[in-house]
Amino acid sequence: MQASDRFNINSQLEHLQTKYVGTGHADLNRFEWAVNIQRDSYASYVGHYPILSYFAIAENESIGREHYNFMQKVLLPCGLLPEREDD
């Protein structure tokens, strides 16, 4: 692999990271990464009707109630941001 190939790959990765929040970056901490994963999952559940129906049947709830519950979980999927320990 040549230096120009490595630069090209890095520039493409940086472009994707600025365009799509969920792809992450070097300074992304564990909590933010988990929040991105959870939000992507809930958005997928709401966006795919058969999966939403499956969850509704499994939890014995209406599809509308499951949709509402998932949309509420999108707000704080992993709870509040933990306090940072400053060095």
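The values are calculated or read from the model by the stated rules, or taken from the named source; none is laboratory data. Because the structure is a prediction, the values reported are computed rather than measured. Heads up, the Cβs are rebuilt from the backbone with ideal geometry, glycines too, and the neighbour counts pull from every protein chain shown.
Going by the structure shown, is I63 aliphatic (A, V, I, L, M) and under 29 Å from Q17 (Cα atoms)?
It is false that I63 is aliphatic (A, V, I, L, M) and under 29 Å from Q17 (Cα atoms).
Only residues that are in contact with a helix residue (DSSP H, G or I) (Cβ under 9 Å, 6 or more places away or on another chain) and either in a helix (DSSP H, G or I) or in contact (Cβ under 8 Å) with a residue 12 or more places away in the chain (or both): list them for region 58-68, please.
I63, G64, R65, E66, H67
Only one of these is assigned to a helix (DSSP H, G or I), over 22 Å from Q17 (Cα atoms) and either at pLDDT 85 or above or of a type outside the set (S, T, N, Q) (or both): P82, P50. Name it.
P50
Just to be sure, is A26 among the aliphatic types (A, V, I, L, M) and in a helix (DSSP H, G or I)?
The answer is no for A26.
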